[in-house]
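The structure under discussion appears below in the form of structure tokens.
Only the coordinates and a few stated rules stand behind these numbers; no lab work does. If you're wondering where the values come from, they're calculated on a predicted model, not measured in any experiment. As a convention, Cβ positions derive from the backbone with ideal geometry for all residues, glycine included, and neighbour counts pool all protein chains shown.
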Amino acid sequence: MVANLKKILVVDDEVKIVEVVKSYLESRGYPVDVAYSGKDALDKFEKVNPCLIILDLMLPDIPGEEICQMIRRRSRVPIIMLTAKVDEEDILRGLNIGADDYVTKPFSLRQLVARVEAVLRRVSDDPVPLSSIISFNNGDLVIDTLKYEVKKNGNTVNLTPSEYKLLMTMIKYPDKTFTREELISMAFGDDFDGYDRTIDAHIKNIRQKIESDPKNPKYILTVYGTGYRFGGE
């Protein structure tokens, strides 16, 4: 059994998929709870307080995308999408609503567990600067790195683990301009397995949450032809 690990919540309306995924995860030491509908998933989310959610997007009552958005308003728990949609735009759309990673159907159980372990490593291995409280632009943006709490104008902002890690990576090197490849390497390392454009989707999400005017950002700046850098003061 993986020590002190809260449950993984598996959400899918296909009973056989749920049973196989649950059995395989438990064989690897992860405690698992399951849900077969969107309503059941939201109830279990409140009761179980999972460490990670594996979420099918094609649910019978509430679309998985809507479930993802509802959870993301209240929590930064990692979410891995299960999707039969293999088009890049569909996957990026899922990341735009707050998912941390995706697995396309059909999938191998080894691939799924590798993604689970990679996302959980990101959560436990977030970069932390020397000071536990860091503030930018006279308190406009404040980050408590011990609580993993981000506030904009005094209001708590729910970043996903991937978004938080990207933001903290750029904050840690404020004068550095990052290429997408460098952000992938420094924020995610070998755990990343996806499109370069996934970084753009995460950056867009971060801007929507921490910028007063996402179209004219002052924190996450685009360096045209190169990548991104942090511009907070």
| note | Ordered by number, the trypsin sites (Lys or Arg not before Pro) in the stretch 199-233 that occupy a DSSP loop and have at most 10 other Cβ atoms within 10 Å are LYS215
| message | 7 Å from Cα along Cα→Cβ at both GLN69 and ASP175: what's the point-to-point distance in nm? | response | 4.3 nm
| said: Let me spell out the model: positive unit charges on the Cβ of Lys and Arg, negative unit charges on the Cβ of Asp and Glu, origin at the Cα centre of the stretch 159-230. What dipole size does that give, in debye rounded to 20? | reply: 360 debye
| request: When a/c is below 1.5 the answer is rounded, else prolate if a/b is larger than b/c, else oblate, so apply that to the stretch 4-77 with a ≥ b ≥ c taken from the square roots of the Cα gyration tensor eigenvalues. | output: oblate
| Full-stretch length increase - GLU14, SER37 - with 0.36 nm per residue and alpha-carbon distance subtracted | 7.3 nm
| query | With each label point set 7 Å from Cα along the Cα-Cβ vector, what nm distance links ARG93 and THR226? | reply | 3.5 nm
| query | Roughly how tilted is helix 197-210, in degrees to the nearest 10 and between 0 and 90, from the longest Cα axis of the chain? | reply | 70 degrees
| If you find the alpha carbon centre of the stretch 62-102 and of the stretch 2-53, how far apart are they in angstrom? | 16 Å
| query | Using alpha carbons only, how many degrees (0 to 90, rounded to 10) separate the axis of helix 161-172 from the longest principal axis of the chain? | reply | 20 degrees
| query | So what are the three principal axis dimensions of the stretch 8-124 from its Cα atoms, in whole Å, longest to shortest? | reply | 32, 31, 31
| note | Subtracting the Cα-Cα distance of SER108 and ALA84 from 0.36 nm times their residue separation yields 7.3 nm
| field | Three principal axis lengths of the chain [C-alpha, angstrom, descending] | value | 52, 34, 32
| Cα long-axis angle, helix 109-124 against the chain (0 to 90 degrees, to the nearest 10) | 40 degrees
| message | Explain nothing, just the number: relative contact order of the stretch 1-122, from Cα pairs under 8 Å at least 6 residues apart, as a whole percent. | response | 22 percent
| request: Using packing as a proxy for protection, rank 94-101, 13-20 so that the peptide with the highest average count of other Cβ atoms within 10 Å comes first. | output: 94-101, 13-20
